[in-house]
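What follows is calculated from the coordinates using simple rules that are stated; it is not laboratory data. Given the structure is predicted, the values throughout are model-derived calculations rather than measurements. Because the Cβ atoms are built from the backbone with ideal geometry, glycine has one as well, and the counts that use them run over all protein chains shown.
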Amino acid sequence: MKDMKAQLERLRKEAAECALIRDLATDLKKRELFARLAEHLGVLASEVERAIGESPQEAIAPDFPPRP
C-alpha cells in the first residue's frame, strides 16, 4: 500500500509539472504535447487512487514481514 501511495504522489507531481511546462511553452506543438501528458498522468493518478480505495487491506501485501 505504501508503494501505491508513493506512486500516486509521483503521478500527481509529474502531472503538475507537465501542466506547468504546458503553461510556459511558447511552441504550439509543445504546449499540446504537455497538455496531453498532463491529462494522461492525471487519469493514471485517478486510476491508482481508485485502486487504493477499492483494495481491501488484507488483499494488499503489508509493508513489513508478517510475524511468525
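Scanning the stretch 1-45 for residues that are in a helix (DSSP H, G or I) and small (Gly, Ala, Ser) turns up 6, 15, 16, 19, 35, 38, 42, 45. Go through the stretch 10-30 residue by residue and tally those that are surrounded by fewer than 16 Cβ atoms within 10 Å (Cβ to Cβ), under 13 Å from residue 43 (Cα atoms) and of a type in the set (Asp, Glu). Total meeting the criteria: 0.
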